[in-house]
1. For the range 175-229, what log10 I(q)/I(0) values come out of the Debye formula at q = 0.27 1/Å, with one point per alpha carbon and no solvent?
2. Classify the range 1-155 as rounded, prolate or oblate from the Cα gyration tensor: take a ≥ b ≥ c as the square roots of its eigenvalues, call it rounded if a/c is under 1.5, otherwise prolate when a/b beats b/c and oblate if not.
3. With every protein chain left in place, what is the accessible area per residue of the chain in square angstrom, probe 1.4 Å?
4. Considering only DSSP beta bridges with both partners in the range 207-286, what is the antiparallel share in %, to the nearest 5?
5. Given the pairs K107/K263; K127/K174; K38/K263; K161/K275; K38/K275; K242/K275, which are separated by over 25 angstrom at their Cα positions?
6. What value in Å³ per residue do you get for the convex hull of the alpha-carbon atoms in the range 207-286?
7. Carbon-plus-sulfur fraction of the accessible area of the chain, 1.4 Å probe, in percent?
8. Classify the range 69-122 from the C-alpha gyration tensor, please: rounded if a/c falls under 1.5, else prolate or oblate depending on whether a/b exceeds b/c.
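The values are calculated or read from the model by the stated rules, or taken from the named source; none is laboratory data. As the structure is a prediction and not an experimental result, all values here were calculated from the model. Virtual Cβ from ideal backbone geometry, glycine too; neighbours counted across all protein chains shown. What goes into the accessible areas is simple: the full protein's heavy atoms, side chains included, and nothing from ligands, DNA or RNA. Shrake-Rupley method; radii C 1.70, N 1.55, O 1.52, S 1.80 Å.
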Amino acid sequence: MSSIQWQFPRALEDEAIYILRETAAQFERPAILFSGGKDSITLVRLAQKAFHPGKIPFPLLHVDTGHNFPETIQFRDWLVESLGLDLIVRNVQDSIDQGKVKEETGKYASRNALQTVTLLDAIEELKFDACIGGARRDEEKARAKERIFSVRDEFGQWNAKIQRPELFDMLNGKINIGENVRVFPISNWTELDVWNYIREENLAIPSIYFSHEREIIERDGMYWPYSEFLNTTEEEVPFRTKVRFRTVGDMTCTAAVLSEADKLEDIITEILAAKISERGARIDDKRSEAAMEKRKQAGYF
C-alpha cells in the first residue's frame, strides 16, 4: 500500500481554518453543530487551532433525538468537560411534547427527520446567523453541490436560487434579515481524509467507531443496532456479533458493518477496500432517491 494514502493533505486543514476564521469575522453569532461523530469532532480540533491560544469563540449546539447511541452522548459530555467548551442541547422530545412534530410509527420509525424542526427553533431562539457543520461533498449527491457558505432563507430552508458563487476562495457572508448560513469547513475533505486527520492528530473518538460486540438484527440486507427504540417483527431475532459504525446518527437510522477493525490503521485499510460510501449505512437516506435533498430543502443540517 502506498504511504501517500496514509498521509493527510495539510492544505485541507489550512482551508478549513481559513473558513472558520472568516465565519468568526463575518457573522455575529455562529455555532458549531455537534453530533459527537467523527466529522464534528474534527471541526472542534480545527476550531481549536484556528483560535489558539484563545478559547473557541462559538458554542456547540447538539440536537438530541433521544435515540442517540449512549456511547456518543458519553463522549460528547467528556469532550465538552475536558476542553472547557460551551454546549447547548435542544431535545426533539420537547418538540414532540409541544405538538410541533409527530412521532413516527411503524417498522421504519425514526426521529431523524423530526430534528429539523428542533434545529430551526433553536436557531431562531438563540439568534444564530451561522451554523458550522461537518458535511462533506463526497458523502452524498445532495451535499456534493453545497457551497461552503450555504445560505438558508427566512424559513431556514435551502434554495438553489439564492446560493452565491464562491470564486477564488472568496466567501460572501452577507445575508438579509431572517436568513442564516450553514458553513461547511471540511466540505472538500473525503472520508479517508477525516480518518487520516484523526490518526495524525491523535483525536479521541467514540468507541462505536471501533469493532465491538453488539446486539443487532438483520433487516433489508443491513445490520441494525438492536435497542428499545427499534420497532421489530417476530422474525427479527437479535443476535450478537462484532460490528462497528462508519457514520454516527440516530440509533434507528444508522446501520452497522461487520468488522474486526479495532485500531485506526485497520479502519483506514477497511475504508480503502470498501465498495460503498459511508452513507450507504444510513437508513434514512434510503427512504427515497432524493431523501437527503428533501431534508436539506426543509432545513436539515
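1. -1.08
2. On the way: a/c = 1.58, a/b = 1.41, b/c = 1.12.
Because a/c hits 1.5 or more and a/b exceeds b/c, the range 1-155 counts as prolate.
3. Numbers: 14000 Å² over 301 residues.
That works out to 46 Å² per residue.
4. Here the antiparallel bridges make up roughly 100 percent for the range 207-286.
5. Working: K107/K263 34 Å; K127/K174 16 Å; K38/K263 15 Å; K161/K275 34 Å; K38/K275 20 Å; K242/K275 20 Å.
Over 25 Å Cα-Cα: K107/K263; K161/K275.
6. On the way: hull volume 7.2 nm³, N = 80.
Output value, Cα hull per residue: 90 Å³.
7. Numbers: 7130 of 14000 Å².
Summing carbon and sulfur atoms, their accessible area is 51 percent of the total for the chain.
8. Numbers: a/c = 3.50, a/b = 1.75, b/c = 2.00.
Oblate, since a/c reaches 1.5 and b/c is not below a/b.
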